[in-house]
Structures are given as C-alpha cells and as structure tokens.
Amino acid sequence: MGELTLRLRAAGDRPAIQGGFMAAAMIVAGGFDYLVNIVAGRQLAPTEFFVFVTVTALLQVMVQVTNVIRNVVAYYTAAATAGEEATARVGSVLGRSWRWAWRWGVAAAALLAALSPLLARFLHIPTPWPLWAASLALLLLFLRPVTDGALQGTQHFFGLGAVQMLQSVLRLAFAVGLLWLGTQAAGAVVALPLASSVALVLALALLRPYFRAPRPVGPPSAISWRYSAYTLLGLLAFAVMANADAIVVRRFFGDVAAEAYAPVVTLGKMNLFIPLGIGLVLFPKATQRRAARRDPRPVLLLALAATLLPGLLLTALYALWPGRIVVLVFGPAYADPGRLLALVGLATTLYAGVNIWLNYALSLERRAYVLALVFIVAGQLAAMILFHARLENIAWAMLAAGLLANVAGAARLLGPVTPPAPISP
C-alpha cells in the first residue's frame, strides 16, 4: 500500500491533473449521492421522503461544521510537509488530530442520540430513529475529516478522490438494500455512516506511512485556535446558508407544502457538486501561491468560472422545464414546482460561488469575509422566519443572501495579497 501511495502521489503532482481529477471525483461522488436522493424519493412515501430530506439537511450542517477539522488538519499538514522530517511531522499532526477526533466524536454522537427524541418532536418527525441513525453518522463526521485533511494537506488528491467515490458508491448500495428491506427513512440515513466506515478504512491504509512514522524530536507545534475558530465560524455560516431552507420549511409549513418542496431542494443541491471538489483543490493551491509570493487570484477566478457556469446552465433548464424535470426524476407523485425550482437553483448556484470565496478567504486567513458571511446568513435566517408565508419567499431570501455574499467576496478578496508570516513547522 505504501508503494501504491507513492505512485499515486507522483502521478498527481501537476496542478491541472489534480484539479481535474478532484473535480471529476466530486462529480462522480456527488452523482452517486444524488442517486441516493432519487432512490429515496421513488421508494419512500412523500411524507417519509421529506423526513429523509430534513435529516439530510441537518447532517449537511454537521458536515460543514466538522469540516473545520479537515481544514485545520490540511493547513497544518501542509505546513508540516515543508523542510526536514516531513513524514514524522505530518505523522505527529495526524496522530494528535486522530485522538482528538475520537474523543469529541463519541461525545457529540452521544449528545445527539440523547437529544433525538426532543429534536424529532420539534421538527415534526414521527419517530427518532432517523435522528439516531444520524448520531452514528456524526461520529464518522469527526473521524473522516482527519483523514481527508491529511490527504488534502499532503496533496494526495488521487487518494482523496478515491475515498470520496468509494463512500458514495457504497452509500447508494447500502441505501438500495436497506430500503428494499423496508427500513424507511432511517435506513436511507444509516447508509451514510456504513459507507463512510468502509471509506475510512481505505483512507487509513493510504495514510499508514504517516501513522507509523517516528515522532519528531521536541515539543509539538501549537495549533492556532484563533484560526480554527474562524474556520469553524465560516463553515458553520455556509452550512446554515445552504441548508436552512429545508429545515425552515419542515418547521413552518404543512405536510403538503413540505412534501412539494422536497424534490426542489434535492434538485437545487446539484449545483453544489462541482464547487466542493474545486474548493478542496483551491484551498492548498492558494496557500502555496501566497507562501511563494505569487498572486493567487488567477486560481480564484478560474475556480469561480468553473463553479458558476455549470450552475447557471442547469438553472436555465430548471426555468424551462420545471414540471417535466421533477416528474422525470421523482415520478408523478410530485406537482409542478413552477418558477420555484429555478429560483432555488439560482440561489444554490450563488452558494457555490460563496463556497469558493470562503475557501479562498480561509486559505489566506482573510477573517473579514468570514464575519461578513455570518451577518449575511443571520439576515437570511431572519428573513426566512419573518416572511415565510409562501415558499417563494424562502427562495427570494436565499437569492438575496447568495448575491450579497458574492458581492462581499468580490469587495473583500479581490485586492492584492500580502505574503504570509512564517509558519512554525
């Protein structure tokens, strides 16, 4: 496995290959994850399907929150690769992060499991079983970011892409099998932690040389908790921005409206597939270019173009044939959403751009954009809660927040980039 790791690393040294592979891997992974939603939409009753959509939205918020672990591990792993004893220093970062993730992951999963009955009543979910399944997923959401961050920080993008694709393929397989057994929404949810566990085994095998490396002499380097806090704040704000609509609709709307919104929110999320992969590549590349005193803005502009154009094309299709697309994908049980589908599609396209701006800001430690994003998302939530009389009002609040966040990114992040202060190895 060690020889395979070295070969994959050597094959992926060129940025164009890395970026292309990660974008393709995330499209493949996102495609299989999307098939899980389609299978669930066709196999489950509309009410049960929106339970699955609601719990999935909660998990997406948790994914973004725990992605702070991935970003911090990637940041310090990338720093550890510079200079002598790189393997030992990366192993030190990885070992400390792994132990931390196990300790807090178990605590977080236990807390969510204990709160699941109350949360189920708050969200009008008939049974806490889907949320208990999400509790198991939460443990994996602490462990997987450690290995993903280490693969990202060492720029082992072929390994990272393989892990992502394996998880998505297995998630679909588990979901199909569990739904066939009649496990309802809980089975569709628990497919995620089952698949993630197998993908984690592959990631650990790829990182085995670092786990086995002798620890460097001297005290370990300190992790900047200020950087970690801003990373957490930014990722949490983006998670709420991208997933609040499903939770708000579940809370404030009746079953008929909520069921009609389920295919809309599912189709809208398609516009986030590509930017997730591009953001993973952009983060270390922008950091490297800044450290080398090179302008990282060309990488940013290329990432924005590759992110926004596919989303705008897909949104155009949503505007032309909303009813046909919903029936084609989910079957005749769902009504024509009209222009609501295009509005949500355009909003998620703008969110895709926000994801790129946020990764760029975090890679350069531009905290002002993170704070701006927090205020924008707070306004979005307030608008959704105060003006939730119609589903289209939710979509307009999403659009306004996405537009403001992109404008803030252009205003705060397109200026000249100053070289960083030296990072202690």
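In region 45-65, of all residues being of a type in the set (S, T, N, Q) and either at pLDDT 85 or above or closer than 15 Å to ALA260 by Cβ (or both), the one that is surrounded by the fewest Cβ atoms within 10 Å (Cβ to Cβ) corresponds to THR47. Among the residues making up region 166-190, a single one is farther than 15 Å from LEU44 by Cβ and out of contact with any helix residue (DSSP H, G or I) (no Cβ under 6 Å at 6 or more places or on another chain): ALA173. The residues in region 135-162 that are of a type in the set (A, V, I, L, M, F, W, C), surrounded by fewer than 24 Cβ atoms within 10 Å (Cβ to Cβ) and farther than 30 Å from ALA120 by Cα can be counted, and the count is 2.
Residues in region 170-192 that are within 20 Å of ASP148 (Cβ to Cβ) and surrounded by fewer than 19 Cβ atoms within 10 Å (Cβ to Cβ): none. For the condition part of a helix (DSSP H, G or I) and either in contact with a Leu (Cβ under 6 Å, 6 or more places away or on another chain) or assigned by TED's automatic domain parsing to the domain that holds ALA305 (or both), THR56 does not qualify. Of the helices (runs of 4 or more DSSP H) lying entirely inside region 313-425, those carrying at least 1 residues that are β-branched (Val, Ile, Thr), surrounded by fewer than 19 Cβ atoms within 10 Å (Cβ to Cβ) and not assigned by TED's automatic domain parsing to the domain that holds GLU85 are 322-330, 367-386, 391-413.
Listed here are the residues, each with its yes/no results for (1) farther than 28 Å from ASN71 by Cβ; (2) at pLDDT 95 or above; (3) out of contact with any Phe, Trp or Tyr (no Cβ under 7 Å at 6 or more places or on another chain).
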{"site": "TYR334", "(1), (2), (3)": "yes, no, yes"}
{"site": "THR348", "(1), (2), (3)": "no, no, yes"}
{"site": "GLU365", "(1), (2), (3)": "no, no, no"}
{"site": "LEU371", "(1), (2), (3)": "no, no, yes"}
{"site": "PHE375", "(1), (2), (3)": "no, yes, yes"}
{"site": "ALA389", "(1), (2), (3)": "yes, no, yes"}
{"site": "ALA395", "(1), (2), (3)": "yes, no, yes"}
{"site": "ALA401", "(1), (2), (3)": "no, yes, yes"}
{"site": "THR418", "(1), (2), (3)": "no, no, yes"}
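Quick one: which of ALA23, ALA86, ALA11, ALA82 is modelled with pLDDT of 75 or more and either touching a helix residue (DSSP H, G or I) at 6+ places or on another chain (Cβ under 9 Å) or crowded, with 24+ Cβ neighbours inside 10 Å (or both)?
Numbers: ALA23 fails: modelled with pLDDT of 75 or more; ALA11 fails: modelled with pLDDT of 75 or more; ALA82 fails: modelled with pLDDT of 75 or more.
Every option except ALA86 fails the conditions.
The values are calculated or read from the model by the stated rules, or taken from the named source; none is laboratory data. Keep in mind it's a predicted model, so treat the numbers as computed, not measured. A quick note on method: Cβ atoms are made from the backbone with ideal geometry, for glycine too, and the neighbour counts reach across all protein chains shown.
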